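Peer 1: Below you will find the structure I want to go over with you.
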Amino acid sequence: MRTICKIMLLSLCVIACKNEKKESQKTPAKETKTTVLKPKLLHEVNGLTHCESVVYDKNKNILYASVIGNREEGDGSIASVSLDGKVIDTAFVKGLNDPKGIAITKDKLYVSDVTVLVEADLKTGEVIKRHTTEGTTFLNDVNVASDGTVYVSDTSNSTIYMLKPDGTFSAWLQSDDLEHPNGLLQVNNDMYVAAWGNMVGPDGKKKQSGNFLKVDMASKKIMKVSKDTLGNLDGVQVYDKDNFIISAWRTGKIMKINNKGAVEDVLTVGRSVGDILYIPEKKLLALPMNIQSQLLIYEFQEVEE
């Protein structure tokens, strides 16, 4: 009798195991999906001669783009462009020489122009004042901090200058560790820097370093965010609370980098992509293309893969 019971129990266990196996086969394991950015080209704005930088005026809902021109004296300008890709005014601010980075406040527009930081009226486009100081050689990107101080990078001499609210214009930080700063972006108490890069390595094998950096604005301590060199970096924008969008001029790469240094390639356009713009609430990315004399406007779409 005991033997029969054992056989019956064993049979039941075998049947139960088979049923469990069938059930597991019916219910596949959940697939892990990742979210990636898929840029969609919306507008291609032509005729902006050697376009270098772009900013968004949310009050007017328009873009301002720096137009270097053909590097003849006074042929540079700031153009105004609608979000649907139409040029409103090719010379909203005129009479510039080689304009690059732009930043705006409530009533002012600031643009770097070779060795001069130009201050213009945001309503009329008229130049109010030109700021310069001894030692400026290649002023590049411009950023207005929360306290009203205007910072401008000098890529050539690896310096960041500042224009104080009282009108004083002077060097804020000079260091080889800035790696010839290009793009600037203040976030809270840090200044993020997209660096063009130092020449590093032994003779004959030197390369441009080009890291994404962070500067503590109180201590002026310079730290690397990127884990490895990323090329000749140009623009930097906030993507979300943990990520930035940066551009590399020479390779034409647009990358997303988080605050731990992890990098994701988003898009590759032509060589010479400059000081970019990202508008988070509209998911719009604007890319000034210097050599191509274009402004490319993309829409970011997050897609699960």
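The values are calculated or read from the model by the stated rules, or taken from the named source; none is laboratory data. The structure displayed is predicted, hence computed values, not measured ones. Glycine gets a Cβ as well: all are built from the backbone with ideal geometry, and neighbour counts include every protein chain shown. Please note that ligands, DNA and RNA were not included when accessible areas were found on the heavy atoms of the full protein model with its side chains. Shrake-Rupley method; radii C 1.70, N 1.55, O 1.52, S 1.80 Å.
Peer 1: Would you mind telling me which numbered condition in (1) in contact with a Gly (Cβ under 8 Å, 6 or more places away or on another chain); (2) within 18 Å of G101 (Cβ to Cβ) Q237 fails?
Peer 2: Of the numbered conditions (1) in contact with a Gly (Cβ under 8 Å, 6 or more places away or on another chain); (2) within 18 Å of G101 (Cβ to Cβ), the odd one out for Q237 is (1).
Peer 1: Hey, among the residues in segment 253-292 that are crowded, with 18+ Cβ neighbours inside 10 Å and small (G, A, S), which one's farthest from L185 (Cα to Cα)?
Peer 2: If we take residues in segment 253-292 being crowded, with 18+ Cβ neighbours inside 10 Å and small (G, A, S), then S272 is farthest from L185 (Cα to Cα).
Peer 1: Here's another thing I want to ask about it. Test G148 against the stated conditions and say whether it is closer than 19 Å to I104 by Cβ, in contact (Cβ under 8 Å) with a residue 24 or more places away in the chain, open to solvent by 20 Å² or more (accessible area, probe 1.4 Å) and of a type in the set (G, A, S).
Peer 2: Yes, satisfied.
Peer 1: Further question on the same structure: For T3, indicate whether it is at pLDDT 65 or above, exposed (fewer than 10 other Cβ atoms within 10 Å of the Cβ) and at negative phi.
Peer 2: No.
Peer 1: Test each condition in (1) surrounded by 18 or more Cβ atoms within 10 Å (Cβ to Cβ); (2) in contact (Cβ under 8 Å) with a residue 40 or more places away in the chain for T90 and report the one that comes out false.
Peer 2: (1)
Peer 1: OK, next. Considering each of T115, T105 in turn, give the residue that is farther than 23 Å from T49 by Cβ, of a type outside the set (K, R), at pLDDT 95 or above and open to solvent by 20 Å² or more (accessible area, probe 1.4 Å).
Peer 2: Being farther than 23 Å from T49 by Cβ, of a type outside the set (K, R), at pLDDT 95 or above and open to solvent by 20 Å² or more (accessible area, probe 1.4 Å) holds for just one of T115, T105, which is T105.
Peer 1: Would you check if T124 is of a type outside the set (G, A, S) and either more than 19 Å from V45 (Cα to Cα) or without any contact (Cβ under 8 Å) to a residue 12 or more places away in the chain (or both)?
Peer 2: Yes; evaluated as a whole, the condition is true for this residue.
Peer 1: Name every residue in segment 227-246 that is among the charged types (D, E, K, R), under 16 Å from the mean Cα position of the chain (by Cα) and surrounded by 13 or more Cβ atoms within 10 Å (Cβ to Cβ), in order of residue number.
Peer 2: D234
Peer 1: Shifting gears a bit: Please enumerate the residues belonging to segment 158-176 that are in contact (Cβ under 8 Å) with a residue 12 or more places away in the chain and open to solvent by 40 Å² or more (accessible area, probe 1.4 Å).
Peer 2: K164, P165, A171, Q174, D176
Peer 1: When the residues of segment 199-226 are filtered to those that are open to solvent by 30 Å² or more (accessible area, probe 1.4 Å) and within 21 Å of the chain's Cα centre (by Cα), which remaining residue is nearest to Y239 (Cα to Cα)?
Peer 2: Here the answer is K214.
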